[in-house]
Every structure is written in C-alpha cells, then in structure tokens.
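First up is the structure itself, then whatever we jot down about it.
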Amino acid sequence: MAALGTPFGQMSVAQLQAGLAAKEFSCHEVAAATLDVIEEADAPLHAFLEVTRDAALAAADALDARVDADAFAQAGALAGVPVGYKDNMNLVGTHTTCASNMLESYVSPYTATCVAKTLQAGAVPVGKLNMDEFAFGSSTETSAFGPTLNPWDATRVPGGSSGGSAAAVAAGLVPVALGSDTGGSIRQPASFCGVVGVKPTYGMVSRYGVVAFGSSLDQVGPFARTVEDAALALNAICGHDPLDCTSQPCSVDFTANLSEGVKGMKVGIIPAFMEAEGLSAEVKAKVEEAAAKLEAAGAELREVELPNAKAAISAYYVLGPCEAFSNLARFDSVRYGYSDPGHKDLGSQYEASRAKGFGLEARRRIMLGSYLLSAGVYEQYYYPAQQVRTLITEDYMKAFDQVDCLLAPAAPRTAFKFGEMAEPAEMYLSDMFTISINIAGNGGMSMPVGLGAESGLPVGVQLMGPAFKDENMLRVAAELERIYGPAPVAPGFKAGE
Ligand code: GLN
C-alpha cells in the first residue's frame, strides 16, 4: 500500500511556499514532478481527465522568472501551487468536457473567472478533473470516461459530482483543487475522501466560464487538506466579476480568524437532521463527538429548528432539473456539442446527437425538467418549489439570528461501493443534508473528523454559516482541525485491488 501522491502534492500551501521562497526547489521542479506523478500514478485512480502539461510548465517558468526579480511574497496567495480544476471549468486551450461525450472534443475558447483568479494568484494549472456528467450525480459513476476511485478504498466511489477534485487532493496529487456544488457536490465527495471542501455563499465566486447546471444553485469552491489552504484558495477566487451579475464584492481575508478559537461562538445542532432516517450510526456518532469537542473548546451549543428543510430534496429535484433542462438546451449539435453525422433534417440531427451525446442521468434530468416546465405542470411543481425555497431561506435566516454556525452531517454515510446505489432516488438521498444550503444560498463546508468506527472510512461533518459570513464556518473548522489534526493523505491502494 503506497500513497499515490508526490512529495510536493502532499505538502500544504505554506510548506510549498516556504520551500519555494528559500529556493530549496523551483516552481518548475514542483510542476514537473507533480505532472510526472499524475501521469503515472493517476492511471488507477482516474482523478484527471486531462493533464495540462504545457499550461503548467509555462505558468511555473513564468513564475520562476518573476520570483527571481521580485520577492516571493508578492507573487500571490497560490504562487507555485499545483492546482487541478473540475472539468466543467474553462481553461483556454484545454478540453472542457463535463465528463460527457457531448463535449468530448470541446476546447475552451477562454478561461473561467475562478480559474483565471487562481492563475493571477500564481497557481500552476496541472489538469482537469473527473466528475459526474454535467455534475449530475453523487458518485462520479456517471462520467462518460469512467469513474474515479476513492483513494482510501478502490472498491468505493469518491463521491460526486466533484469526485475527481476530492480524490486528487486526498491522494496527495495536488494540495488544492476546485470543484462546484449545486446540491452537495463539493461537500459530499470531501466527506467521502476525508478532505476539506468549501461551498461558499452563492455569489461569492463568479460562475462565468463554468458550464452551468443550475444557475441559481451552482457555486465554485476549493478542496484542500487544511483549512488554511482552503482559505487561501477562497481569498484567490472570491470577489465581484463584471461578467457574472450575481457575483458580489469580497474584501474578507479568510485566513484572518482561523486561530481565534470558538470560545463564545454559538454552534447550532439541527435535531431533525440528527434523527433523520438513513443517517448511519457512525456518522451520527462523529457529529455528536465533534459537537462535544467544540463545546469543550468553549463553544455554546444550541438546538435549532429548520422546519422546512425536510422539503429541500423534493424542491431541489424540481428546481435543479428545470434549470438543467434550460441550460443544456444549448448543446444542440450545431452551436455546441457532439454532432451525429448523416442526418438530412435538423430535427433528426438534434434527436440523434442529443440521444448519443448525453448519458442516461443527463437525459433523465432533461426529460424531467422539460416535463416540469410544460404548460399545466409548471404551476403544480415549479411554483410550489419556489415557494418552498423561500421558506427554507427564511428558516436559515432565523437560524443564523440564533447561532454563528450550524453543525450537521455532511453525508448520511461513508463512501459506498461502486454500483451500490442502483436506484436514482437512493443516490439522490446522498445529498439530504447538503441540498437545503444551496436552496437558501448560504455557505457550507465539509470538514474531516477522522474515520468511522464501523467502516474505517473518512467521515466529514458539515459546517454552515450565515450568508456572506463564510469566515464563521472556517473559524469553527480550524478549531476542529486543531482537535482532529490536519487531513492525512489517503494511505493509497494498489491498482486492481
Ligand atoms: N448530487 C446532486 C445531484 O445529482 C448534486 C449535484 C451537484 O451538486 N452538482 O444533482
């Protein structure tokens, strides 16, 4: 059992930057070693869909040239750090496939703002990461190019839809990766792979250049093995972008309060979440343990009700497919996407191209969204789902009048086996604790708290904060990290085991 990662990929951002500043190694050396290991070691893991060697080496060399001239500190928060990007984010000149046959040959004509911001902060872009097709799923099994394995156990899924991002960080291939979260796709894989995963408040990170799933729900965020690394990545990617009118200015330094501790903070527990059917005993025990440890560290625990959160999954599986149906209409084989050859009329070309280009789950969401938005049906489902959305948002606003942060399970259980969730509705329940936060728009994150007593696999607890006060949950996360220790690199597995 050997870990897959590189010595560099296993370092924290601070460790890497200390070595770079002291000229123990150059950015080029870090990039080249990282790329080599990804190309070799990622074959069994399959976290990466594309290794962007040229872009990485160009960025690293430019940085080495610059760093010689100025002080390293001026080179940016992520200077010299190898970063991977979920494959729904455009990086000019690289493929952006969304793990779909529909976009297999699509080459990014420009760079997404969130990616560009990491590059401005000095990141070295090493590749594009596997995901559920168009981010539909909770296991990365719907990728048209084959699943990613969980670095802790090759027989299990890494979670999803940002499974490649979570696995790459957990395996020590990169210290930081970006993912996106529409209903839990950062937090659930972070929990399954034992890494930190942050979904910021909606509007904190520009969605420009990120292939849309549910435009009112999607949010980009970082994966890292330490809270500080995640905070540094947030510092780089947050902020207003004139190209995304929902993005907001941000002047917070997310590293600023990490050492303050939780004394005097009010942390809310949601009894209905703790009693939910489907929550495994080992995850429940970990949430209770984390709550007790936070209390011992000086936090005040309070019970908080979210009376409408039980309707979140139902509302999400109306709103999400409706938005997905609308967003995926552009993949019409003419403007974008796979074009099936040999059709004489446009109708049959559309039909064949979309039938072959999209996988089963994508087609299911499109059909569902199309039905839900049709005349007569719209009023019965879409309207009430929007009303439920308002109620859930109000629940969270009331909750955050009482507490600074909420503590809950991230996922109901630890990583499941490939093929275990055969029924779509069963898979949809993977996000039972994460979806309501996307509906309300607040920030949420998964924080690793060790291994489950029964499965021996990583467990994440979820922290949630008031809108645009994501520093609260990071502060609590930093306390949990002091208690539980930083997330270890996954012990690794042998190919084929
Ligand atoms: N698992 C949820 C879904 O399938 C959430 C996906 C996401 O957050 N992108 O829709």
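The values are calculated or read from the model by the stated rules, or taken from the named source; none is laboratory data. These figures come from a predicted structure and were not determined experimentally. Backbone-built Cβ (ideal geometry, glycine too); neighbour counts: all protein chains shown.
Got at least one residue in region 116-128 being on the phi < 0 side of the Ramachandran plot, touching a residue at least 24 places away in the same chain (Cβ under 8 Å), within 16 Å of the ligand (Cβ to nearest atom) and buried (at least 24 other Cβ atoms within 10 Å of the Cβ)? No - not one qualifying residue is present in region 116-128.
Residues checked against (1) closer than 29 Å to Pro412 by Cβ; (2) surrounded by 22 or more Cβ atoms within 10 Å (Cβ to Cβ); (3) modelled with pLDDT of 95 or more:
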| position | (1), (2), (3) |
| --- | --- |
| Gly239 | no, no, yes |
| Gln248 | no, no, yes |
| Asn257 | no, no, yes |
| Gly261 | no, no, yes |
| Lys286 | yes, yes, yes |
| Glu303 | yes, no, yes |
| Ala309 | yes, yes, yes |
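Scanning region 180-204 for residues that are closer than 24 Å to Gln248 by Cβ, more than 16 Å from the ligand (Cβ to nearest atom) and touching a Phe, Trp or Tyr at 6+ places or on another chain (Cβ under 6 Å) yields a total of 0. Does Pro158 satisfy the criteria of being over 14 Å from the mean Cα position of the chain (by Cα), in a loop (DSSP other than H, G, I, E, B) and either within 16 Å of the ligand (Cβ to nearest atom) or crowded, with 24+ Cβ neighbours inside 10 Å (or both)? For Pro158, the condition - over 14 Å from the mean Cα position of the chain (by Cα), in a loop (DSSP other than H, G, I, E, B) and either within 16 Å of the ligand (Cβ to nearest atom) or crowded, with 24+ Cβ neighbours inside 10 Å (or both) - is not met. Is it true that Asn101 is among the polar types (S, T, N, Q) and away from the ligand (no atom under 16 Å from the Cβ)? Criteria met by Asn101.
Can you confirm whether Gly298 is more than 23 Å from Asn88 (Cβ to Cβ), out of contact with any Phe, Trp or Tyr (no Cβ under 7 Å at 6 or more places or on another chain), part of a loop (DSSP other than H, G, I, E, B) and modelled with pLDDT under 95? Answer is no for this residue. Taking region 364-476 as the region of interest, the strands (runs of 3 or more DSSP E) fully inside it that hold 1 or more residues being of a type in the set (S, T, N, Q) and within 14 Å of the ligand (Cβ to nearest atom) are 443-451, 458-465.
Residues that are hydroxyl-bearing (Ser, Thr, Tyr) and surrounded by fewer than 24 Cβ atoms within 10 Å (Cβ to Cβ) within region 445-466 comprise just one, Ser455. With respect to Ala212, is the statement that it is surrounded by 24 or more Cβ atoms within 10 Å (Cβ to Cβ) and hydrophobic (A, V, I, L, M, F, W, C) true? When the stated conditions are applied, Ala212 does not pass them. Just one of (1) over 25 Å from Glu423 (Cβ atoms); (2) in a helix (DSSP H, G or I); (3) more than 16 Å from the ligand (Cβ to nearest atom) fails for Arg354. It is (1). When Ala168, Ala144, Ala177 are checked against the criterion of being buried (at least 24 other Cβ atoms within 10 Å of the Cβ) and within 16 Å of the ligand (Cβ to nearest atom), Ala177 stands alone in meeting it.
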